[in-house]
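The values are calculated or read from the model by the stated rules, or taken from the named source; none is laboratory data. If you're wondering where the values come from, they're calculated on a predicted model, not measured in any experiment. Positions of Cβ are backbone-derived with ideal geometry, glycine not excepted, and every protein chain shown enters the neighbour counts. These accessible areas exclude ligands, DNA and RNA; they are computed on the full protein's heavy atoms, side chains included. Shrake-Rupley method; radii C 1.70, N 1.55, O 1.52, S 1.80 Å.
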Amino acid sequence: MSTVEFDSVGEWNAQVPLLIVGAGAAGLCAALAAKEAGVDAVVIERDGVPGGSTALSAGLIPAADTRFQRAKGVVDSPDRLAADIQRKAHGEAPAALLETIACSSASLIEWLAERHSLPFELIQNFNYPGHSALRMHGLPSRTGRELVDRLRNAAELSEIVVLTGCIAQTLFAQKDGRVGGIEIVRGDGSRERIGCNAVILACNGYGGNPELIRRFIPEMANALYFGHPGNRGDAVLWGERLGAELACLGAYQGHGSVATPHNILITWAVIMEGGFQVNAQGRRFSDETCGYSEQAAEVLRQPGGIAWDIFDARIAAVARQFEDFQAAERAGAMLFADGVDELAVSIRVPADIFAEEWRNVEALKIRGAMDRYGRRFSAEQALRPPFFAVKVTGALFHSQGGLAIDATGRVKRKDGALFPNLFAAGGAAVGISGTTAAGYLSGNGLLTATVLGRLAGQAAAALVSLSS
Ligand SMILES: Cc1cc2nc3c(=O)[nH]c(=O)nc-3n(C[C@H](O)[C@H](O)[C@H](O)COP(=O)(O)OP(=O)(O)OC[C@H]3O[C@@H](n4cnc5c(N)ncnc54)[C@H](O)[C@@H]3O)c2cc1C
């Protein structure tokens, strides 16, 4: 059980300048940035091999005005990225934090590409809802596994110590909130106390803690959790005990397209490229292009908590750039047919209703018109046989609420003052998606994890250097 002990005087088994809890994207970026600033961090990771939710993601990071965009003639700017994020967050994203993140996004991608040899590419053959420019940067496999493996490799090359198989359990703090160290528990049950000058919490949110989900996000209490099970809300629990400000705890990233029963993510590209969703009665039920996050709850509200993604071979070819999509094909999640009626039979929905929805969508495409939910279709996206269908459900990916921070990742107290030496980044900190699932713009997760991880690493290193 994660806890805080106040003013406890004891012996440290070791003393290090900077402790980072969690070796996902946020923790590893923080450690790399601190090292570059001349400060050695020790990263504590509960798993045997670092992965976290980062490894489960598609590894796509939005960034504005990168050299990758300029090389392809894409015009973008940090202001535009911030405006897109703020529009999706209904104006609820903390403005100063958002500006810092947007302005630091290009340098983050270029830093990882140039200094740490991560071979980013600009994703050009589809865009996610709400992004007004092509700005998703991904690695060749389009997987978060590759992202975290490459970050871990960079950490190894930088001789950063990652203590794997160790759970950070007890934070030792003084009454003024200064954190003196952490007790870790190893796999064999042994405990060690490591003293430090500063701490960065990069242990993500509370998606893996059913009790906290019931408390903060009841609408997803019964949903499939698709994130890392080790993210048990330790940052929020420590923060509560320390008197930290916790913000936007009901916000989350969901996803309305997880193949069931296979539990494999089906990229939202299948929708954005002209596909659509119907429920078990063969009916469409929403504007799917609002975003995949809020679509999770929409899908769960349908009969049986499922929907069918409907698309075609052209769209499948786009989606195949994602290994997850290929895995879903190998697992037999896709059904195919050459005709609409035949597809209705395969997915067992009423053929007349399904055919009517299909005719409506395709007619709207020809006219470039808007449907009854406000979705606008485009003529280039007509579906042609063979047609594809995959049964999906809605899932919880990660919580978006967390510790309130300043623009350097320093954790805030309830009274607005800053903790002396406590930082948070990634899913441990409050996100930039406002208070609901609908505020999540695709990419917000890794954008905040990587950019804020780097900024927190730099700021913590500066603090440690000053104090030593
Ligand atoms: C299926 C899926 C797809 C996604 N796709 C995208 C995408 O394409 N783009 C995007 O921007 N975002 C995406 N996201 C969200 C994104 O993955 C997260 O926002 C991001 O990975 C968070 O990074 P992090 O470093 O904060 O957390 P994590 O990567 O989860 O790392 C946290 C680490 O902390 C460790 N830890 C936790 N508690 C402790 C403890 N007490 N002691 C020691 N270690 C601890 C965990 O084991 C874990 O390794 C996706 C999420 C999911 C689940």
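What the phi angles of the stretch 190-204 give under the Karplus curve with 6.51, -1.76 and 1.60, with θ = phi - 60°, is a coupling list of 6, 10, 9, 10, 10, x, 7, 8, 7, 10, 10, 8, 10, 9, 6 Hz, glycine and proline written as x. Rolling a 1.4 Å probe across the protein heavy atoms gives the stretch 323-468 an accessible surface of 39 Å² per residue.
For the stretch 137-274, the share of accessible area belonging to carbon and sulfur comes to 46 percent (1.4 Å probe, ligands and nucleic acids excluded).
Sites listed here are chymotrypsin sites (Phe, Trp or Tyr not before Pro) in the stretch 310-379 whose DSSP assignment is loop and whose Cβ has at most 14 other Cβ atoms within 10 Å: Y373.
Estimated at the nearest 10 Å², the accessible area of K414 is 150 Å² with a 1.4 Å probe. You can think of it this way: the chain between D415 and E240 has 61.7 nm of extra reach, that is 0.36 nm per residue less the Cα-Cα gap. Take the Kirkwood radius over Cα pairs of the stretch 225-365, plug it into Stokes-Einstein at 10 °C and 1.306 mPa s, and you get 94 µm²/s for translational diffusion. Close amide H partners of I405, meaning residues 5 or more places away or on another chain with modelled amide H under 5 Å apart, are K412, V430.
Take the Cα of V161, step 7 Å toward its Cβ, do the same at E114, and the gap between the two points is 3.2 nm.
Roughly what % antiparallel, to the nearest 5, for the DSSP beta bridges in the chain? Don't jump to the answer; show the numbers that get you there.
On the way: 45 of 70 bridges.
Expressed as a percentage, antiparallel bridges in the chain total about 65.
In this structure, the amide hydrogen of T170, modeled 1.01 Å from its nitrogen in the peptide plane, lies closer than 5 angstrom to those of T3, E183, counting only residues at least 5 positions away or on a different chain.
Over the C-alpha atoms of the chain, the Rg to Rh ratio, Rh being the Kirkwood estimate, stands at 1.00. Prolate is the label for the stretch 102-184, because the ratio a/c of its alpha-carbon gyration tensor axes (a ≥ b ≥ c) is 1.5 or higher and a/b is greater than b/c. Quote the FRET efficiency, to the nearest 0.05, computed for D176 versus E36 with a Förster distance R0 of 25 Å and r equal to the Cβ-Cβ distance. The calculated FRET efficiency here is 0.25.
Rounded to the nearest whole angstrom, the semi-axes of the ellipsoid equivalent to the stretch 1-63, taken from the Cα gyration tensor as √(5λ), stand at 27, 17, 10, largest first. Within the chain, the selection of entire DSSP H helices by a Cα span of 20 Å or greater along the long axis and an average Kyte-Doolittle value of at least 1.0 returns 95-114, 444-467. Segment A363..R145, full-extension length gain: 74.4 nm, with 0.36 nm per residue of separation and the alpha-carbon distance subtracted. If R0 is 56 Å, the Cβ-Cβ spacing of A83 and D341 corresponds to a FRET efficiency of close to 0.80. Under 5 Å from the amide H of N421 lie the amide H atoms of V179, each residue being 5 or more positions distant or on a separate chain, with H modelled from the backbone and absent for Pro and chain starts. In this label model, S190 and W12 are separated by 2.0 nm, measuring between points 7 Å along each Cα→Cβ vector. On a per residue basis, the convex hull of the C-alpha atoms belonging to the stretch 268-309 measures out at 56 Å³. Based on the alpha-carbon gyration tensor of the stretch 287-367 and its eigenvalue square roots a ≥ b ≥ c, which shape applies: rounded if a/c is under 1.5, prolate if not and a/b is larger than b/c, or oblate? Judged from the Cα gyration tensor, the stretch 287-367 comes out rounded (a/c under 1.5). Taking every Cα-Cα distance in the stretch 244-288 and sorting them into 5 Å bins starting at zero, the pair-distance distribution P(r) comes out as 5, 15, 19, 22, 15, 9, 7, 5, 2, 1 percent. Structural size metrics of the stretch 119-242, computed from C-alpha coordinates, are Rg and Dmax of 18.7, 54 Å. From Cα pairs below 8 angstrom and at least 6 apart in sequence, can you work out the relative contact order of the chain, rounded to a whole percent? Once divided by the residue count of the chain, the mean separation gives 24 percent. Given their separation in residues at 0.36 nm each and the Cα-Cα distance between them, R320 and S107 gain 73.8 nm when the chain is fully extended.
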